[in-house]
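Scroll down for the structure; my scribbles are underneath it.
The values are calculated or read from the model by the stated rules, or taken from the named source; none is laboratory data. Because the structure is a prediction, the values reported are computed rather than measured. All Cβ positions, glycine included, derive from the backbone under ideal geometry; neighbour counts span all protein chains shown. For accessibility, only protein heavy atoms count, side chains too; no ligands or nucleic acids. Shrake-Rupley method; radii C 1.70, N 1.55, O 1.52, S 1.80 Å.
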Amino acid sequence: MNENLFTSFITPVILGLPLVTLIVLFPSLLFPTSNRLVSNRFVTLQQWMLQLVSKQMMSIHNSKGQTWTLMLMSLILFIGSTNLLGLLPHSFTPTTQLSMNLGMAIPLWAGAVITGFRNKTKASLAHFLPQGTPTPLIPMLVIIETISLFIQPMALAVRLTANITAGHLLIHLIGGATLALMSISTTTALITFTILILLTILEFAVAMIQAYVFTLLVSLYLHNNT
């Protein structure tokens with residue numbers, strides 16, 4: 001119980017070399033490209049889920065927005081797979097690092113905003129000043145809208161980091177409590193173990209939901225700028 005709660009969030013290192021690159025690239029092995037006429041059930045299930053998500057997420061976009069389909073589907077696969085792999089014992093979840101989530105959020109947000117200023121300059125500038133604003137409030141509203149625009153990538157990254165980190169910490173705490181209670185009260189240990197199982201199932205759902213929410217928000221930012 002003396003172990004630091006945040007030890008599991010430290011980047012793993014072997015022989016002084018960080019393993020982040022290998023960990024980030026590992027999920028791509030779970031999505032092989034099938035060259036067969038009839039795919040196996042795993043690949044078929046992946047393709048069906050991708051088609052379902054892409055149809056639901058990209059239906060609101062015009063032709064310019066739909067050019068981002070491949071990038072957004074790759075993003076949701078990457079975040080979802082890394083979140084799920086992070087739930088395995090003795091593993092590491094890259095999405096618990098704010099720096100990595102900012103590295104995903106800022107370029108995607110910047111790309112959507114730049115696309116908006118390039119293709120819809122007047123409409124993009126109009127977002128900084130709502131229609132019918134009293135003249136004395138114009139400078140204040142422009143400042144507020146500018147700040148809210150630049151906060152969007154930070155909100156994306158912090159939301160993903162906080163949700164994944166909170167779930168891992170709860171699993172770590174309840175797992176440690178279960179081990180400590182095994183020598184004190186078997187009945188209480190069984191109850192906490194049941195809670196741990198339910199929390200792990202919930203965390204699997206959260207891992208997929210957070211990947212979908214992150215990608216959906218990026219898609220909405222893109223929709224507002226195309």
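Some notes on this structure:
- Test result for residue 207, assigned to a helix (DSSP H, G or I), in contact (Cβ under 8 Å) with a residue 24 or more places away in the chain and open to solvent by less than 40 Å² (accessible area, probe 1.4 Å): yes
- Total residues in region 210-226, condition within 28 Å of residue 118 (Cβ to Cβ), of a type in the set (S, T, N, Q) and buried (at least 18 other Cβ atoms within 10 Å of the Cβ): 4
- Residue 178 surrounded by 13 or more Cβ atoms within 10 Å (Cβ to Cβ), on the phi < 0 side of the Ramachandran plot and without any contact (Cβ under 8 Å) to a residue 60 or more places away in the chain: yes
- Residue 209 falls short on exactly one of the conditions (1) touching a Leu at 6+ places or on another chain (Cβ under 9 Å); (2) within 18 Å of residue 104 (Cα to Cα), and that condition is (1).
- Residue list for region 40-89, filter: in contact (Cβ under 8 Å) with a residue 60 or more places away in the chain and open to solvent by 70 Å² or more (accessible area, probe 1.4 Å): 60, 64
- Qualifying positions in region 126-149 - part of a helix (DSSP H, G or I), hydrophobic (A, V, I, L, M, F, W, C) and surrounded by 12 or more Cβ atoms within 10 Å (Cβ to Cβ): 137, 138, 141, 142, 144, 149
- Filter pass, residue 157 being in a helix (DSSP H, G or I), more than 30 Å from residue 25 (Cβ to Cβ) and open to solvent by less than 40 Å² (accessible area, probe 1.4 Å): no
- Some residue of region 118-128 being touching an Asp or Glu at 6+ places or on another chain (Cβ under 9 Å) and in contact (Cβ under 8 Å) with a residue 12 or more places away in the chain: yes
- Where residue 107 falls short, out of the listed (1) farther than 20 Å from residue 77 by Cα; (2) open to solvent by 60 Å² or more (accessible area, probe 1.4 Å): (1)
- Being under 23 Å from residue 65 (Cβ atoms) and either surrounded by 13 or more Cβ atoms within 10 Å (Cβ to Cβ) or at pLDDT 85 or above (or both) is a property that residue 189 lacks.
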